[in-house]
Amino acid sequence: MAQALQAAQLQSVLAGDRQYPKPSDFHPSYGTAGFRAVADRLPSTVYRCGLLMAARSLLLGDATGLVVTASHNPAQDNGVKLVDPSGYMLEQTWEAHANKLAQCVDAQSLQSCVEGLMTDENIATGAAAKVLLACDTRPSSPALLAAAAAGVRALGGVAVDCGRLTTPQLHWQLRRLNQGLPWALQDYFETLAGAYEQLVKGTHPLEQDLIVDCANGVGAQHLQTLRQHLQTSSFSMIAKCTGDGILNGGCGADYIQKERAMPHTFDSVSDGSRCASLDGDADRLVYFTQQDGAFQLFDGDRIAVLAALLVRDILNDLPVPPQSVQVGIVQTAYANGASTQFMRDQLGLQVATTPTGVKYLHEEAVKFDIGIYFEANGHGTVLFSDPLLHRLNKMKGECKAAVELLALSQLINQAVGDALSGVLMVEAGLRRRQWDLGQWAGLYQDLPSRQTKVMVADRSMITTTNAETQVAAPAGLQALIDQAVAGVPSGRAFVRPSGTEDVVRVYAEAGSQEAADKLACNVARQVHRVAGGVGECP
């Protein structure tokens with residue numbers, strides 16, 4: 001039963017508000033996984049997120065989590081990501097509570113909002129909340145972490161400072177803690193290393209060293225610690241961009257994926273080297289190489305394909321009918337059509353499409369026995385259902401394939417996309433097949449694509465349906481897009497409003513780059529004409 005805030009708690013809440021006041025001209029808004037802004041604008045937001053996650057812990061009776069990071073954003077930015085007891089991102093219904101708290105304009109409105117949250121969610125205040133806290137390596141992170149801890153303590157909660165972690169490590173630790181399993185950071189490294197060793201047992205090491213761009217972020221130190229745990233597995237790696245440069249500055253997974261270029265410090269890297277890149281908080285991963293000046297990207301689509309091949313290879317040795325284990329791929333409309341066709345037609349897998357955003361892919365992936373999802377940007381994972389894990393545990397005494405599938409479930413983070421575990425999954429997939437990057441690239445050829453955007457007066461005019469692949473409003477726009485696509489070989493196009501600015505994003509795909517460019521421009525013109533375009537028509 002909900003209880004009113006105790007006087008001491010209320011005083012603490014208001015004292016924290018005085019210490020971390022919200023700038024009057026700052027209007028934070030919850031994004032895909034939390035809040036982001038220039039760091040000096042965020043203390044009030046992070047303090048209030050501490051309040052929120054303490055209240056969430058009180059409601060559910062388990063620990064919750066909070067990570068101070070802005071992921072792939074520039075170093076001057078920061079942010080906060082919120083984690084549910086399951087290790088997944090904050091339940092979507094609570095995003096509205098987060099927005100209300102973050103946007104309170106003064107102490108009175110904050111008090112009213114906190115009391116309303118406790119009443120609306122029927123939260124009792126007698127128990128002690130627990131919130132695990134972590135941050136990345138940004139200079140602004142320690143002070144913001146202190147603000148989060150103040151918020152947790154204001155509601156009588158225990159703030160557990162886990163130090164500088166990658167975002168996925170905090171997710172992993174929280175999930176394990178609430179499962180009653182060993183959850184120390186050492187357990188994380190030992191679990192990943194042991195699972196990798198099981199998957200590559202009896203295989204030969206790959207010929208090349210893996211060269212990893214660590215984005216000058218928090219993943220650098222943890223990747224090198226992980227390497228120390230892999231000494232008996234012949235895992236050979238060279239870490240670069242480990243902190244001597246600017247965070248995400250000319251490096252990192254986001255830069256590699258968008259710019260299709262080598263990191264600035266890779267001038268001495270030999271042609272054809274097998275390279276990987278993490279982002280600033282190590283929850284995204286892409287692979288890449290360069291040969292004779294030609295850059296080759298292995299994005300989330302290609303990682304998903306390699307993961308599917310790894311799963312299929314092991315499943316083929318499992319003594320059960322193939323149809324008894326439901327494997328599914330989850331993508332967004334931004335996935336390259338060639339990858340979708342390969343997984344559906346060549347691998348015979350179910351492919352589901354969701355709106356853009358990791359939380360939507362994750363929700364769909366849990367519906368399968370083995371759900372594989374990766375966004376093109378490299379954020380994703382492979383999820384194993386509890387019923388399947390139960391079946392595999394019963395079989396592991398007499399079946400190597402069951403042991404290997406269980407190892408894969410331990411290797412790949414079951415809570416969230418994790419670049420460190422993702423590296424090991426990719427390396428295991430390549431090593432088991434003794435593949436180089438050329439063989440991986442040769443599975444299919446990406447269709448040329450083009451992305452652009454159109455400024456509009458009001459993005460809310462545009463609504464979409466069917467996982468953002470079709471326009472519901474304004475009337476007539478979808479028909480114009482269909483007309484533009486008709487007759488274009490391998491043509492595909494869709495538009496979607498931005499979640500943060502008055503912009504409509506356009507994606508087009510075709511059999512040639514020239515055709516993709518032309519299709520994107522044609523669709524952009526129709527958006528500008530029908531949906532209230534601002535400025536010069538494309």
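Here are the numbers for the structure shown:
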| quantity | calculated |
| --- | --- |
| Hits in the range 59-89 - residues which are open to solvent by less than 10 Å² (accessible area, probe 1.4 Å) and in a loop (DSSP other than H, G, I, E, B) | A63, T69, A70, S71, G87 |
| Neighbours by Cβ (under 7 Å, 6+ apart or cross-chain): first from the range 183-208, farther than 25 Å from G65 by Cβ and part of a helix (DSSP H, G or I); second among the β-branched types (V, I, T) and modelled with pLDDT of 95 or more | Q198/V403 |
| S498 vs. criteria of a type in the set (S, T, N, Q), open to solvent by less than 40 Å² (accessible area, probe 1.4 Å) and closer than 17 Å to A531 by Cβ | yes |
| Enumeration of residues in the range 301-328 that are farther than 19 Å from V423 by Cα and crowded, with 24+ Cβ neighbours inside 10 Å | none |
| Per-region count, the range 335-345, residues more than 18 Å from F494 (Cβ to Cβ) and either modelled with pLDDT under 95 or crowded, with 19+ Cβ neighbours inside 10 Å (or both) | 2 |
| Subset of the range 486-495 that is open to solvent by 30 Å² or more (accessible area, probe 1.4 Å) and modelled with pLDDT of 95 or more - its residue that is farthest from Q445 (Cα to Cα) | A486 |
| Lone qualifier among L42, L51 - being closer than 25 Å to V158 by Cβ, surrounded by 20 or more Cβ atoms within 10 Å (Cβ to Cβ), among the aliphatic types (A, V, I, L, M) and in contact with a Gly (Cβ under 6 Å, 6 or more places away or on another chain) | L51 |
| Residue that is nearest to H204 (Cα to Cα), among those in the range 217-236 that are of a type outside the set (V, I, T), open to solvent by less than 20 Å² (accessible area, probe 1.4 Å) and in contact with an Asp or Glu (Cβ under 9 Å, 6 or more places away or on another chain) | S233 |
| L480 touching a helix residue (DSSP H, G or I) at 6+ places or on another chain (Cβ under 7 Å), farther than 30 Å from V200 by Cα and of a type outside the set (G, A, S) | yes |
| L306 over 30 Å from D213 (Cα atoms) and among the aliphatic types (A, V, I, L, M) | no |
| Only listed residue being of a type in the set (G, A, S) and part of a helix (DSSP H, G or I), chosen from S29, S44 | S44 |
| Residues being more than 17 Å from the chain's Cα centre (by Cα) and without any contact (Cβ under 8 Å) to a residue 40 or more places away in the chain - total across the range 77-95 | 1 |
| Near pairs, Cβ below 6 angstrom, 6+ apart or cross-chain, from the range 159-180 (among the aromatic types (F, W, Y)) to any residue that is modelled with pLDDT of 95 or more | W172/Y188; W172/N413; W172/A415 |
| Selection status of G31, of a type outside the set (D, E) and within 18 Å of R175 (Cβ to Cβ) | no |
| Within the range 237-262, considering residues that are assigned to a loop (DSSP other than H, G, I, E, B) and touching a helix residue (DSSP H, G or I) at 6+ places or on another chain (Cβ under 7 Å), the one surrounded by the fewest Cβ atoms within 10 Å (Cβ to Cβ) | G243 |
| Enumeration of residues in the range 426-475 that are over 16 Å from G532 (Cβ atoms), outside any loop (DSSP other than H, G, I, E, B), open to solvent by 50 Å² or more (accessible area, probe 1.4 Å) and charged (D, E, K, R) | R432, R433, R450 |
| Pick from the range 269-285, criterion touching a strand residue (DSSP E or B) at 6+ places or on another chain (Cβ under 8 Å) and of a type in the set (A, V, I, L, M, F, W, C), ranking: surrounded by the most Cβ atoms within 10 Å (Cβ to Cβ) | L278 |
| Residue that is surrounded by the fewest Cβ atoms within 10 Å (Cβ to Cβ) [pool: residues in the range 153-203 that are closer than 23 Å to G61 by Cβ and among the small types (G, A, S)] | G180 |
| Test for L132: is it touching a residue at least 24 places away in the same chain (Cβ under 8 Å), touching a His at 6+ places or on another chain (Cβ under 6 Å) and either at negative phi or buried (at least 24 other Cβ atoms within 10 Å of the Cβ) (or both) | no |
| Lone qualifier among F266, F288 - being under 29 Å from T167 (Cα atoms), part of a strand (DSSP E or B), at pLDDT 95 or above and open to solvent by less than 60 Å² (accessible area, probe 1.4 Å) | F288 |
| Of the criteria (1) surrounded by fewer than 22 Cβ atoms within 10 Å (Cβ to Cβ); (2) touching a residue at least 60 places away in the same chain (Cβ under 8 Å); (3) touching an Asp or Glu at 6+ places or on another chain (Cβ under 7 Å), which one A127 fails | (3) |
| Breaking point among (1) within 23 Å of H379 (Cβ to Cβ); (2) modelled with pLDDT of 95 or more, for L52 | (1) |
| Among the residues listed as Q483, Q478, Q526, the single one being open to solvent by less than 60 Å² (accessible area, probe 1.4 Å), without any contact (Cβ under 8 Å) to a residue 24 or more places away in the chain and either touching an Asp or Glu at 6+ places or on another chain (Cβ under 6 Å) or among the polar types (S, T, N, Q) (or both) | Q478 |
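Matching residues to (1) in contact with a Cys (Cβ under 6 Å, 6 or more places away or on another chain); (2) modelled with pLDDT of 95 or more; (3) over 20 Å from A8 (Cβ atoms); (4) in a helix (DSSP H, G or I):
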residue	(1), (2), (3), (4)
L110	yes, yes, no, yes
A124	no, no, no, no
L132	yes, yes, yes, no
P142	no, yes, yes, yes
A146	no, yes, yes, yes
A149	no, yes, no, yes
V160	no, yes, yes, no
H171	no, yes, yes, yes
L177	no, yes, yes, yes
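The values are calculated or read from the model by the stated rules, or taken from the named source; none is laboratory data. Computed from a predicted model, the values in this text were never measured in an experiment. For neighbour counting, all protein chains shown are included, and Cβ atoms are generated from backbone atoms with ideal geometry for every residue, glycine included. Each accessible area value is taken on the protein alone, full model and side chains, heavy atoms only, with ligands, DNA and RNA left out. Shrake-Rupley method; radii C 1.70, N 1.55, O 1.52, S 1.80 Å.
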